[in-house]
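I have placed the structure first, in the form of structure tokens, so that the comments after it can refer back to it.
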Amino acid sequence: MPRHRVFIEDTQESFACDEAQSVLLGMEALGRKGIPVGCRNGGCGVCKVEVTSGQYVTRVMSRAHVSAEEEASGRALACRIRPTTDLRLRVLGSMRATVCGDTRASATDAP
Amino acid sequence: MAINGVLRPGHAVLRALDLDESVHFYTEVLGLQETGRDKSGRVYLKAWDERDHNSVVLRQADRAGLDCFGFKVLNDATLNTLEGRLREYGVSTERVPAGDMLETGERVRFQIPTGHLIELYAQKTSVGNGLGDLNPEAWAPNQKGISPLRMDHALIYGGDIDGNRRLFEDVLEFTLVERVKLEDGTTDLATWLTCSNKAHDIAMVRHHEDAKLHHVSFMLETWESVLRAADIMSMNRVSIDMGPTRHGITRGTTIYFFDPSGNRLETFSGGYQWYPDQNPITWTWDEVGRAIYYHDRKLNPAFLSVVT
């Protein structure tokens, strides 16, 4: 299957991702970082991204984290999109809760 | 101790983003048995050694998470008594009619302080474990996948876990078994409660959002079967969160993994038996890593942040 470059604007890093693989699993498989990894199955929302250029196909993802309007405007969970061209993206999700009680905006509160 | 009030966790109703994909996962990979589908499309499942008709119900939805968690109580009189006690305590209760869930009697539904819906029920059709009640064999042949013995407990996340604990202790006669304290030494980060002589029947972690699920857990017989479960997960490319490893808390061996909608599940084995003459165990915040993951001795970032 063809591979495409996925460029993460936040870290200025890129990796090659197979068309058959989600952006998130493609990143993980190469030991790369930059997008938070949660459930990998579209439910938890921590890998939310905004795709700023490029084409991709999506699978069903939780509407608690990505509304239909957001999805139409390029926001998605990285575990639920597969690239069909090179992609550039910005990371929106995060994993910030700690035992010290930090409860800053989590993925679900992200804009 | 006689277990004669709340008996055990009886059902978890989970939301599925793609019901067909989830049913395939729960039956072929986790290895539960499908026992029915209702008019609204919910799919009913049970683990092989459970006698009652269902312990997991899947509902198609646009988001992941837990609709409700149900506990079986001893009988109808107990159900009525507990409903009365809940109301005296100031908790609103609702009766869901018998038959709303397949092969399940009337349920008393109420919301706990963390926003989760909890149900109590006394009746669910016993379909048996396939071995019979007279001179049974040791286990059922033709099991598929991981094939746990039963659905065992849940870990839920929300704000007022102190209110939850008081309600479970004061009204439903659960007992605190273990707790993790925050840095201030007084506030609970997390608590583990039992209604039986298991180390836990429900657990809860303080979290900035209410009504969240951390995991629903399924019991295996041995550590060897936990390793076998991990092999089956890899063969099926299941998303694993952590493990196989051991918890310091409860001492159970464990794997955390995710269903196809991102709901975290656990397969675990072991842990100790609890008796009412035991003191609760306390863990301090600086040892929480060892408490949760005994071998890694540190939390993974997902433990506190990845919920549905």
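Key figures
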{"read-out": "Relative contact order (percent, whole number), chain B, Cα cutoff 8 Å, 6+ residue spacing", "value": "18"}
{"read-out": "Antiparallel %, DSSP beta bridges [both residues in region B:1-86], to 5", "value": "75"}
{"read-out": "Hz values of 3J(HN,Hα) by residue in region A:60-67 - Karplus curve (6.51, -1.76, 1.60), Gly and Pro given as x", "value": "4, 9, 4, 6, 5, 10, 9, 6"}
{"read-out": "Positive minus negative residues near residue A:43 (Lys, Arg vs Asp, Glu; Cβ under 13 Å)", "value": "+4"}
{"read-out": "Per chain A, cysteines lacking a partner by the 4.7 Å Cβ criterion", "value": "A:17, A:47, A:79, A:100"}
{"read-out": "Per-residue average of Cβ from other chains inside 10 Å of B:258-265", "value": "6"}
{"read-out": "Gyration tensor over alpha-carbon atoms, region B:64-111, equivalent ellipsoid semi-axes in Å", "value": "18, 15, 9"}
{"read-out": "Inverse mean reciprocal Cα-Cα distance (Kirkwood Rh) of chain A, Å", "value": "13.8"}
{"read-out": "Listed residues B:289, B:65, B:132, most fluctuating in chain B (Gaussian network, C-alpha, under 10 Å)", "value": "B:132"}
{"read-out": "31 Å Cα-Cα threshold exceeded, pairs from B:46/B:181; B:46/B:198; B:181/B:212", "value": "B:46/B:181"}
{"read-out": "Kirkwood-based shape ratio for the protein assembly as shown, expressed as Rg/Rh from alpha carbons", "value": "0.97"}
{"read-out": "Structure-based [θ]222 nm, the protein assembly as shown - -39500 (n - 2.57) summed over DSSP H runs of at least 4, per residue, nearest 500", "value": "-4000 deg cm²/dmol"}
{"read-out": "Charge dipole (debye, nearest 20) of region B:33-109; +1 at Cβ of Lys and Arg, -1 at Cβ of Asp and Glu", "value": "160"}
{"read-out": "Options B:121, B:219, B:25, ranked by Cα towards positive dipole end of chain B, top entry (Cβ charges)", "value": "B:25"}
{"read-out": "Inter-chain Cβ neighbour average for residues B:177-184, partner chain, 10 Å", "value": "1"}
{"read-out": "Long-range HN-HN contacts of residue A:18 with modeled amide H, under 5 Å", "value": "A:4"}
{"read-out": "Ranked list, fewest to most other Cβ atoms within 10 Å of each Cβ, for A:33, B:72", "value": "A:33, B:72"}
{"read-out": "Per residue, the convex hull volume that the Cα atoms of region B:65-162 enclose (Å³)", "value": "150"}
{"read-out": "DSSP bridge orientation in the protein assembly as shown - percent antiparallel, rounded to nearest 5", "value": "75"}
{"read-out": "Kirkwood-Stokes translational diffusion coefficient of region B:208-304, alpha-carbon pairs, 20 °C, 1.002 mPa s, µm²/s", "value": "149"}
{"read-out": "Positive-pole candidate from B:275, B:158, B:96, dipole of chain B, charges at beta carbon", "value": "B:158"}
{"read-out": "Mean projected area in nm² (Cα convex hull; one quarter of hull surface) for chain B", "value": "15.5"}
{"read-out": "Bridge type composition, region B:177-308 - antiparallel percent by DSSP, nearest 5", "value": "75"}
{"read-out": "Globularity ratio of region B:6-121, using Cα Rg and 2.2 N^0.38 Å", "value": "1.09"}
{"read-out": "Order of B:298, B:144 under a 10 Å beta carbon neighbour criterion, fewest first", "value": "B:298, B:144"}
{"read-out": "Region B:142-257 - Rg and Dmax from Cα coordinates, angstrom", "value": "15.6, 52"}
{"read-out": "Distant-in-sequence amide H partners of residue B:178 (H built 1.01 Å from N, under 5 Å)", "value": "B:192, B:281"}
{"read-out": "Reach of residue A:33 by Cα under 23 Å, taken over lysines that are not fewer than 8 positions away in the same chain", "value": "A:48, B:298"}
{"read-out": "Proximal charge balance of residue B:243 [Cβ under 11 Å; K/R count +1, D/E count -1]", "value": "-2"}
{"read-out": "Computed magnitude of the charge dipole of region B:150-305 (debye, nearest 20; Cβ of K, R +1, Cβ of D, E -1)", "value": "440"}
{"read-out": "Net +/- balance of residues flanking residue B:114 in space, Cβ distance below 11 Å, scoring K and R +1, D and E -1", "value": "-1"}
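Since every read-out is calculated from the coordinates, none of them should be taken as a lab result. Computed from a prediction, not measured in an experiment: that's the story for all the values here. Backbone-built Cβ (ideal geometry, glycine too); neighbour counts: all protein chains shown.
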